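All of the numbers you see were taken from the coordinates with simple rules; none came from a lab. It should be emphasised that the depicted structure is a prediction, and the values quoted were computed from it without experimental measurement. For neighbour counting, all protein chains shown are included, and Cβ atoms are generated from backbone atoms with ideal geometry for every residue, glycine included.
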Amino acid sequence: MSSPMTRIVVVGNGPAGHRLVERLRAHQHTGPITVLGREEHAAYNRVLLSAVLDRTLSPDTITLPTVDAHVRLRVTATGIDRTGRVVHTDTGEELPYDVLVLATGSRPKMPEVPGLRAGHLQPLRTLADCARIDDVAGPIAVLGGGILGVEAARALLARGHDVALVHPNPHLMDRQLDDTGGRLLAERLGKLGVELHLGREAIAYRPGRLVLDSGEVVPANLVVACIGVTAETGLAVRAGLPVRRGIVVDDQLRTSDPRIHAIGDCAEHNGDTPGLIAAAWEQADTLAALLTDGDARYHGTPTVTRLKARGIDLASIGSVEGLGSAEAEVVTLSDPARGRYAKLALRAERITGAVLFGFPEAIASVSQLHDRDLPVPADRLALLLGTPAATPSAPVELPDDAVICRCNNVTKKSLTAAWHGGARSVPELARTTRATTGCGGCVDDVGRLCDALANRIEHQKEGAA
């Protein structure tokens with residue numbers, strides 16, 4: 001627990017560090033906060049980079065609101081003096097701290113393909129990466145068929161590139177989807193125009209050509225690497241803090257040094273490094289409460305993934321393994337003619353895992369049921385088809401802390417406050433809260449909340465008449 005004037009230094013200006021500062025101020029921390037950011041850009045929502053890549057959103061649109069902190073851009077922390085409680089930077093400064101938070105994120109893994117060098121190889125992790133990809137004309141190959149790879153391929157296709165997607169496993173998004181879901185996603189991408197090479201690996205690159213292990217040659221003026229990330233732990237290692245896959249933290253998000261915490265992609269909690277923005281936000285919320293009130297604990301974040309690719313409604317909850325558990329009740333709805341597929345794993349009437357493809361109404365309903373740990377309706381089919389009577393409570397009846405917009409972490413409370421403040425339509429709420437400006441999957445929910453709040457006010461007026 002911090003005193004009002006505790007000096008907090010946050011290393012990392014990504015979504016985790018930004019969220020932490022927001023929540024610290026919301027919890028009335030009045031002491032100085034310094035944030036070090038390696039990039040030249042102000043904090044932005046990295047999850048929405050594919051929307052910047054396809055020009056659905058501009059870089060300014062994904063910029064996060066200004067926070068009450070001393071934010072230092074283009075400054076890198078190079079070392080930590082734990083005894084003197086000082087952070088050293090590449091600018092030669094020494095920043096004293098009472099509490100240090102490492103939110104250093106992760107770095108992209110890069111493939112080792114003979115002939116593939118800088119200039120023809122590009123990760124997709126920052127706004128600067130998007131700008132470099134933006135300058136390339138002609139065919140592009142994407143390596144990696146996970147979430148980011150699929151989003152990047154769809155975005156590049158929308159930009160008019162010929163796109164090939166190379167993935168070493170037999171089906172796409174194999175960590176989130178079962179065989180059927182992966183096959184349907186591949187069919188959808190193929191129909192859109194992405195050239196798929198599944199179960200294949202790149203073995204060589206020659207200017208303009210990527211050679212696969214099958215002998216096929218893929219035209220590629222640029223190769224975009226989306227093969228995963230590695231937690232950025234160098235600073236912690238040099239400081240002598242325990243590191244495995246990430247910086248090891250306990251339920252209070254503390255390292256072995258009680259004055260140093262870690263959150264976001266760089267943190268490893270209970271052997272897990274989720275790498276998802278929802279986990280980063282929850283860790284930031286927990287740490288802010290802990291540093292100001294002293295009674296918070298982090299117990300992990302449920303895995304909920306929604307693909308942000310134009311024209312593809314796809315969500316995954318939990319792990320693929322959970323969908324095949326013998327202990328679970330499994331509900332499956334397959335409609336290949338319409339490109340729709342749903343699979344739910346239930347225990348004690350609660351959703352423990354799900355794959356939803358082509359069911360946008362069900363995605364919203366199932367996500368809310370899972371988030372709130374509510375029992376599913378007896379009519380499972382009605383739930384999947386989005387029948388109103390089978391869906392969870394209307395948005396206005398959700399708890400205040402229910403997240404309506406996952407891309408921007410906008411809660412029902414924030415939307416309601418904005419509505420009462422004069423933002424009475426979906427576009428106005430989007431401008432005020434940023435809800436709906438990500439993947440757009442929450443547009444209907446935000447619209448229903450608008451209508452419900454307006455109806456409530458109307459009924460109150462009629463009751464007072």
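Past 28 Å, Cα to Cα: identify those pairs from LYS343/LYS413; LYS109/LYS412; LYS308/LYS413; LYS109/LYS413, in the order given.
LYS343/LYS413; LYS109/LYS412; LYS109/LYS413
For a protection proxy built on the mean count of beta-carbon atoms within 10 angstrom, sort 118-130, 263-275 highest first, please.
Sorting 118-130, 263-275 by mean packing, highest first, produces 263-275, 118-130.
Considering only the other residues whose Cβ falls under 11 Å of the Cβ of ARG245, what net charge follows from Lys and Arg at +1 and Asp and Glu at -1?
-2
Based only on Cα atoms, what Rg/Rh ratio does segment 313-385 have, Rh being taken as Kirkwood's radius?
Answer for segment 313-385: 0.92.
Can you compute 3J(HN,Hα) from phi for each residue in segment 400-407, using the Karplus curve 6.51 cos²θ - 1.76 cosθ + 1.60 with θ = phi - 60°, rounded to whole Hz and x for Gly and Pro?
In residue order, the calculated couplings are 4, 8, 5, 7, 8, 10, 6, 4 Hz.
Apply the Karplus curve 6.51 cos²θ - 1.76 cosθ + 1.60, θ = phi - 60°, to the phi angles in segment 309-320 and return the couplings in whole Hz, x for Gly and Pro.
My calculation for segment 309-320 gives 9, 4, x, 10, 9, 9, 9, 9, 10, x, 10, 4 Hz in order.
Work out from phi, with θ = phi - 60° and the Karplus expression 6.51 cos²θ - 1.76 cosθ + 1.60, the ³J(HN,Hα) of each residue of segment 198-203, listed in order in whole Hz, and give x for Gly and Pro.
Karplus-based 3J(HN,Hα) across segment 198-203 equals 8, x, 10, 10, 7, 10 Hz.
Could you work out [θ]222 nm for the chain from helices alone, using -39500 (n - 2.57) per DSSP H run of at least four and dividing by all its residues? Round to the nearest 500 deg cm²/dmol. Working shown, then result.
Details: 13 runs with 135 residues, N = 465.
Helix-only estimate at 222 nm: -8500 deg cm²/dmol.
For a quick check: with amide H placed at 1.01 Å from N, whose amide H comes under 5 Å from ASN13's, ignoring anything fewer than 5 positions away on the same chain?
Under 5 Å from the amide H of ASN13: ARG38.
Size of the dipole of the chain about the Cα centre, Lys and Arg at +1 and Asp and Glu at -1 on the beta carbon, nothing else charged, in debye to 20?
680
What label, among (i) 77, 65, 44; (ii) 71, 50, 41; (iii) 74, 53, 44, belongs to Cα extents along the principal axes in Å computed from the structure on display?
(i)
Do any trypsin sites (Lys or Arg not before Pro) in segment 1-103 lie in a loop, going by DSSP, with at most 12 other beta-carbon atoms within 10 Å of their beta carbon, and if so which?
Counting only loop positions with at most 12 other Cβ atoms within 10 Å, the trypsin sites (Lys or Arg not before Pro) in segment 1-103 are ARG55, ARG74.
In nm, what is the difference between 0.36 nm times the number of residues separating LEU73 and GLU349 and their Cα-Cα distance?
Gain on extension, LEU73 to GLU349, equals 94.5 nm.
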